[in-house]
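A short reminder: the numbers here are calculations on the coordinates, not readings from a lab. Keep in mind it's a predicted model, so treat the numbers as computed, not measured. In this analysis, Cβ positions are derived from the backbone assuming ideal geometry, glycine residues included, and neighbour counts consider all displayed protein chains.
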Amino acid sequence: MIVAATKTFGVETIKEAIACGITDIGENKVQELNEKYPHLKDEVNFHFIGHLQTNKVKYVIDKVKLIHSLDRVKLAEEINKRAKQKGLIMDCLVEINIGGEESKYGIPPEEMNNFIKEIEKYDNIKIKGLMTIAPYLPSEEVRPYFKKMKELFDRLKEIKQHNVEAQFLSMGMSNDYCVAVEEGANIVRIGTSIFGARLYNMEG
Ligand SMILES: *Cc1c(COP(=O)(O)O)cnc(C)c1O
């Protein structure tokens, strides 16, 4: 599945992409998602792909199909609480910091199993897989990181837990999606290659 990464792009531009066959879009910021949502909700599925602040969960919980960026227990607790209030089960991906980069969010790969275990008590969350933003490297140098993600994903599939149903491996962006798909990604998040370069502070 392609999730079009639509940050900074306006509703009209996104509608053109939908006309070309895009069915799913990913937003990074809660406010931006909420601005676009009323104009697009009947035409496309929204995903949340950016860092999610706990106090903003309530603004996205009933709008998104999948949260790609579950990266801490506090966030899981809040998602669970809000999902319960709305009477829904929220599908989430666990974000992994596969490159161990300080500038990136996500849990370290070796902590995945513990993290999943800690979330077992949250009945209104379903863990549907993993997401990562790989280090920004030439394609052959990034490949080992995607391979490691695939190994983790296979390990997740082995975990027998009532709220784990591993199905999605979300990795690959404009610069590296070909390698990501070769290594087992089944969701890629593409911005630049669909919409062109982002001009920040301007509507695309
Ligand atoms: C912006 C963004 C993308 C897409 O990046 P491009 O390089 O423009 O394809 C993918 N994932 C996340 C989390 C993003 O913020």
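Before moving on, here are some points about what is shown:
- Cross-link pairs beyond the 19 Å C-alpha cut-off, checked among LYS74/LYS150; LYS58/LYS84; LYS81/LYS157: LYS74/LYS150; LYS81/LYS157
- Charge dipole (the range 87-204, unit charges on Cβ, about Cα centre) - positive-most of ALA166, ILE194, MET149: ALA166
- The phi-based Karplus calculation (6.51 cos²θ - 1.76 cosθ + 1.60; θ = phi - 60°) puts the 3J(HN,Hα) values of the range 89-98 at 9, 8, 6, 9, 10, 8, 7, 10, 8, 6 Hz, whole numbers, x for Gly and Pro.
- Over the range 48-142, the reciprocal of the mean inverse Cα-Cα separation, the Kirkwood hydrodynamic radius, stands at 13.7 Å.
- For VAL64, net neighbour charge (Lys/Arg +1, Asp/Glu -1) across residues whose Cβ lies under 11 Å away: -1
- For the range 148-175 and the range 48-107, distance of Cα centres in Å: 16
- The residues neighbouring GLU110, those whose beta-carbon lies less than 14 Å from its own, together hold a net charge of +1 under the Lys/Arg +1, Asp/Glu -1 convention.
- Ranked by the mean number of other Cβ atoms within 10 Å of their residues, highest first, the peptides 41-50, 91-100 come out as 91-100, 41-50.
- Rounded FRET efficiency, nearest 0.05, which uses the C-beta distance separating GLU12 from LYS117 and R0 of 41 Å: 0.35
- Overall, the range 2-195 carries a charge dipole of about 660 debye about its Cα centre when +1 sits on the Cβ of Lys and Arg and -1 on the Cβ of Asp and Glu, all other atoms neutral.
- Most positive-pole-ward Cα, ILE67, HIS47, VAL57, against dipole of the range 37-90 from beta carbon charges: VAL57
- Rg/Rg_globular for the chain, with Rg_globular taken as 2.2 N^0.38 Å and Rg from C-alpha atoms: 0.98
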